[in-house]
Amino acid sequence: MTEESTTTRPRSALLRYVLAATLARTADGGAVVAIVLLVTTSGDPGWLAGALGACITAPHLLGPFVARSLDTARDGRRVIALASVVHGATLAAAVLLHPVAHAIVPAVLLIASGLLGPLLTGGISSRLPAIAGPTRTSQLRAQGWDVATYGIGGTVGPSVVAAVSAWASPLTAALVLAAGTSIAAAFVMLLPPSPPAADARDVPRPARTLAVMLSAGPLRRTLYLTMIVAFSVAALPITAVASTGLLGTDTAAAGILTAAYGLGNLAGSIGVMVRPLEGDADRLMTRLAVVVAITLVAVVLAPYFSLATAAYAAAGIANGYFFAATLAVRNEFAPPEMRGQVFVWTGALKITAGSAGTALAGTIIGPAVQLPLALAIALTTAAALTSATERRCGINRSRGHPNGETA
C-alpha cells in the first residue's frame, strides 16, 4: 500500500465522520426548537410547549444506561446507526401525531427520541479515535473537527428550524431534522468498522463505569471541569439579553452577542484543526478552564457593546479549545472496555449541567444582571484550582499509565 493511499483513507473516513456527526447533532440541536415552535403555533398553551421540549432534552441524563451497548456490540456502528434512525422516526411520529393524539402520546415518543440523543453526541465521538489516524497530532486535529460538528449542530440546527418554519411550517422543519438522522445513519455505516475492545462480559455496568471515572484522576477532572464550564457558559445567553440595557443597545442586540459566542466557538475548533493542541491534555484542560473564566471576567467588565461582542467571541474561542482538550483526555485515559460509556457519561452530565446553569441564571438574574456570571467565574476558578491541586498532590498516582495516574 502506498503512502498516499494510507493518508487518503483516514481523511476519507474522517470526512464521512464529520458528515455523520454534523447531521446527527444538527437534528439533536434543533429538535427542541422545532417542538416548541410546533406546539406554540398550533395554539396550545406555553406550558405544554415547555413540557414537550423537556421530554426530548431531559432523557439525555439517562443516556449512559443505553450506552453500554456501544462497548458490548460486535459493531458499534450498527448501534449508533440504529439509534439515529429510531431517534428520527420517533421525532417524526411525535410531531405528526401531536395534532390528532392526546399529549401523552407525543410525550412518550419524544422521551424515546431524547433517550437516544446521547448516542448521537458522545456516542459518535467515541468512534473517532479508531478512524482519526495513528499519530497523536492526527487524533488532536480530528478532535478539532469533532468540536466543530458540535458547534455547527448547535448553531445550524435551530437556524434550519427557523428558516424552514418561516418558509413552510414547524412540522416540516421537524421532519427535515428527522430525515437528517437517517442520512447520518447511512454515513455512520460507511465508517471503518472497529472490533470490540473487550469481551462483553468484561464491560462494566453504567454505575461501575461512573465509579471508575470518579476514582481515576484525569477522568474525574474531565468530568467535573466539563460540568462546571458547561454550567458557567450556559449563563451567557441569559446575561446577553439582560445586559443590553447596561450596554446601551436594544434587546434584539442580544442575538449578536450570542452569535459572537457561537462563531467564537467555531473559530476555536478551527484553530485546533489548524494547529492541534500540544502538551499534556490533562494539564492543558485545567489551564483552558482558567482561560474560560478570564473571558467571562471580560464579559462582566466590558463597558461598551463592541467590547462585549469581542468578549463573547473570546469566551466561545476559549470554550472551543477547552472542549477539544476534554475530548483528548477522554481519548487518552478512557479504558478501552468502557470507552463508549465514558464519552456518553461525560456528554450527558455536561448537557444536564448546562440546563441547570441556564435555569439558575434565569432565576437569579433579577437582582443583579452580572450575578450569574460572577457565580460562574467563581465556580470555574475553584474547579480549575481543585484540578491543579489534586494533580500536584499526585492523587490516584500509580505506575504504567500516562501522567502516572490510573484510568
Restricting attention to the stretch 34-75, and to residues there that are closer than 23 Å to residue 227 by Cα and β-branched (Val, Ile, Thr), which single residue is modelled with the highest pLDDT?
-> 56
Across the stretch 67-89, what is the total count of residues that are within 15 Å of residue 343 (Cβ to Cβ) and among the small types (Gly, Ala, Ser)?
-> 5
With respect to residue 110, is the statement that it is modelled with pLDDT of 80 or more and either surrounded by 23 or more Cβ atoms within 10 Å (Cβ to Cβ) or not in a helix (DSSP H, G or I) (or both) true?
-> yes
If only one of 298, 318 is hydrophobic (A, V, I, L, M, F, W, C) and either crowded, with 21+ Cβ neighbours inside 10 Å or touching a residue at least 60 places away in the same chain (Cβ under 8 Å) (or both), which one is it?
-> 318
Does the stretch 102-109 contain any residue that is of a type in the set (A, V, I, L, M, F, W, C), touching a His at 6+ places or on another chain (Cβ under 6 Å) and farther than 18 Å from residue 40 by Cβ?
-> no
Residue 187 passes all but one of (1) of a type in the set (Phe, Trp, Tyr); (2) within 24 Å of residue 11 (Cα to Cα); (3) out of contact with any Lys or Arg (no Cβ under 6 Å at 6 or more places or on another chain); which number fails?
-> (3)
Name the residues in the stretch 270-293 that are of a type in the set (Asp, Glu) and either buried (at least 20 other Cβ atoms within 10 Å of the Cβ) or touching a Ser or Thr at 6+ places or on another chain (Cβ under 8 Å) (or both), would you?
-> 282
Reported set for the stretch 302-351 where residues are under 15 Å from residue 210 (Cβ atoms), among the small types (Gly, Ala, Ser) and not in a helix (DSSP H, G or I) is 334
Residues 267, 234, 253: which one is buried (at least 20 other Cβ atoms within 10 Å of the Cβ), of a type outside the set (S, T, N, Q) and either on the phi < 0 side of the Ramachandran plot or modelled with pLDDT of 85 or more (or both)?
-> 234
What about residue 258, is it surrounded by fewer than 24 Cβ atoms within 10 Å (Cβ to Cβ), free of Cβ contacts under 8 Å to residues at least 12 places away in the same chain and β-branched (Val, Ile, Thr)?
-> no
Would you mind stating whether residue 358 is out of contact with any Phe, Trp or Tyr (no Cβ under 8 Å at 6 or more places or on another chain) and crowded, with 22+ Cβ neighbours inside 10 Å?
-> no
Restricting the stretch 270-288 to residues that are within 20 Å of residue 220 (Cβ to Cβ) and part of a helix (DSSP H, G or I), the one modelled with the lowest pLDDT turns out to be 281
Filtering the stretch 59-79 for residues that are in contact with a Ser or Thr (Cβ under 9 Å, 6 or more places away or on another chain), assigned to a helix (DSSP H, G or I) and touching a residue at least 60 places away in the same chain (Cβ under 8 Å) leaves a count of 9
The lone exception for residue 258 - which of (1) hydroxyl-bearing (Ser, Thr, Tyr); (2) assigned to a helix (DSSP H, G or I); (3) over 30 Å from residue 330 (Cα atoms) it fails = (3)
Return yes when residue 219 is crowded, with 17+ Cβ neighbours inside 10 Å, outside the structural domain of residue 80 (by TED's automatic domain parsing) and within 28 Å of residue 274 (Cα to Cα) and no when it is not.
-> yes
Condition check for residue 309: in contact (Cβ under 8 Å) with a residue 24 or more places away in the chain, of a type in the set (S, T, N, Q) and under 30 Å from residue 246 (Cα atoms) = yes
Filtering the stretch 352-377 down to residues that are within 24 Å of the chain's Cα centre (by Cα) and not in a helix (DSSP H, G or I) yields none
Residue count for the stretch 365-407, restricted to those that are over 28 Å from residue 212 (Cβ atoms), surrounded by fewer than 14 Cβ atoms within 10 Å (Cβ to Cβ) and either at pLDDT below 85 or not assigned by TED's automatic domain parsing to the domain that holds residue 287 (or both) | 3
Flag if residue 92 is among the hydrophobic types (A, V, I, L, M, F, W, C) and under 21 Å from residue 348 (Cα atoms) = no
Answer with yes or no whether residue 93 is in a helix (DSSP H, G or I), modelled with pLDDT of 90 or more and within 20 Å of residue 161 (Cα to Cα).
-> yes
Output the residues belonging to the stretch 169-184 that are surrounded by fewer than 20 Cβ atoms within 10 Å (Cβ to Cβ) and under 17 Å from residue 15 (Cα atoms).
-> 183
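The values are calculated or read from the model by the stated rules, or taken from the named source; none is laboratory data. Because the structure is predicted, anything quoted here is derived from the model rather than measured. Because the Cβ atoms are built from the backbone with ideal geometry, glycine has one as well, and the counts that use them run over all protein chains shown.
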